[in-house]
Amino acid sequence: MNYKDVNDFKIALLPGDGIGPEVLDASLAVLAGIEQNLTSIHFQFEEFSVGAKEFLVSGDPLPTSVFNRFPEFHAILLGAMGLPGVCWPSGVEMTPQLDIRERLDLYCGLRPIYLLHSEDSPLRNMPAGSIDLLLVRESTEGLFSSRKNVQDMKSDLVEDRMRITRRGSERIIRAAFQQAMHRRKHVTLIDKANVLPSMAYFRSIFNDISLEFPEVVADAIYIDAAALYLLQKPNVFDVLLAENMFGDILSDLAAGLVGGMGMAPSADLGDKYAVFQPSHGSAPDIAGQGIANPIAMILSAAMMLEWLGHQECRKGASLIRAGIRKIFADPRARTRDMGGELSTMEMANEVLGAINSLHTAGVSQ
């Protein structure tokens, strides 16, 4: 999106469940710092109750009155949603974040993975920056398409179907190639085309569309090999393209290579709307303790600024990323999930301090 002529941005806030409100508050503190440093842009925030807690109050995890307000906003920031035990009668947990993706047609899931310090990776001899990949996940169909089917749990047979459409395939494949054009110009399709006809279909469309981007190297590997290569040689990947379920699994695996889910931001983009959230869940076991890692949420806010497209917003995104890289150069500056002692807000304040220092010095990269 490009709101180059907009200076006041309306952002919908969905704190959600568990640690969601805590990490969202940390990101808002950072955005306040960006607004203070870059005085030509302003943010108006409005908070809405969506998620498992909202279901316990109203009986609906995504009230229609809330959903109908979303088109009023330039973007949505989401903390985390879902709580164990708060489920539909089928036993499936409530996932209004998936409903939002599907109803707003947010088909393009972006999951950037970047190693900030060698000590944050479980892999040996991986220097900072050596893992730098982008997982592009189709977010509206695939195997997730069966998630709302009502099944008889006493039946002798239950089936989930994978849905791959030509329209859905073409738009996510083009999105992956367009992302690669701004990176290192390499796209790898992750599929199971040797076994599943739906994946062979997806690959055939991928091969056709790759011809539209002659500058980009295009290849394909099977999902099982991708899991192996991510552990053996993650540095060979640039853009990874995957179906919904495969993308969901690989994004967690890839996050583990750079410090865990607290380091994994994400964006779900459509042609009109966008949601930005950390890839992690609600982590109710640590909720309320002030120890959650806010970096994934803060980096998701940076992705939002980049997507908004205003020159100053993009400068703000660069400041956030540069500030985080400056902090993480010191392996002691970590939250507890990464072996450190910083609280959620202490980490946010470290980011703020780095941003202020960089802005004063005139550094944004």
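The values are calculated or read from the model by the stated rules, or taken from the named source; none is laboratory data. As the structure is a computational prediction, the values presented were derived from the model and not from experiment. Virtual Cβ from ideal backbone geometry, glycine too; neighbours counted across all protein chains shown.
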Single residue of the range 35-65 satisfying the filter (over 21 Å from the mean Cα position of the chain (by Cα), assigned to a helix (DSSP H, G or I) and not hydroxyl-bearing (Ser, Thr, Tyr)) that is nearest to ASN356 (Cα to Cα): ASN37
Evaluation of SER90 against (1) surrounded by fewer than 16 Cβ atoms within 10 Å (Cβ to Cβ); (2) part of a helix (DSSP H, G or I); (3) at pLDDT below 95 (one fails), failing number: (2)
The listed residue being farther than 30 Å from GLU93 by Cα, touching an Asp or Glu at 6+ places or on another chain (Cβ under 8 Å) and surrounded by 13 or more Cβ atoms within 10 Å (Cβ to Cβ), out of LEU31, LEU38: LEU38
Some residue of the range 138-154 being assigned to a helix (DSSP H, G or I), polar (S, T, N, Q) and out of contact with any Lys or Arg (no Cβ under 6 Å at 6 or more places or on another chain): no
Residue within the range 345-354 that is closer than 30 Å to THR95 by Cα and crowded, with 19+ Cβ neighbours inside 10 Å present: yes
Any pair with Cβ under 7 angstrom, 6 or more apart, that starts in the range 304-332 at a residue that is in the same structural domain as HIS359 (by TED's automatic domain parsing) and farther than 18 Å from GLU346 by Cβ and ends at one that is of a type in the set (Lys, Arg) and outside any helix (DSSP H, G or I): GLY309/LYS4; HIS310/LYS4; GLN311/LYS4
All positions within the range 66-79 that are part of a helix (DSSP H, G or I) and surrounded by 12 or more Cβ atoms within 10 Å (Cβ to Cβ): VAL66, PHE67, PHE70
Candidates LEU83, LEU134, LEU98, LEU116, filtered to the one that is in the same structural domain as MET297 (by TED's automatic domain parsing), in contact (Cβ under 8 Å) with a residue 60 or more places away in the chain and under 20 Å from the mean Cα position of the chain (by Cα): LEU83
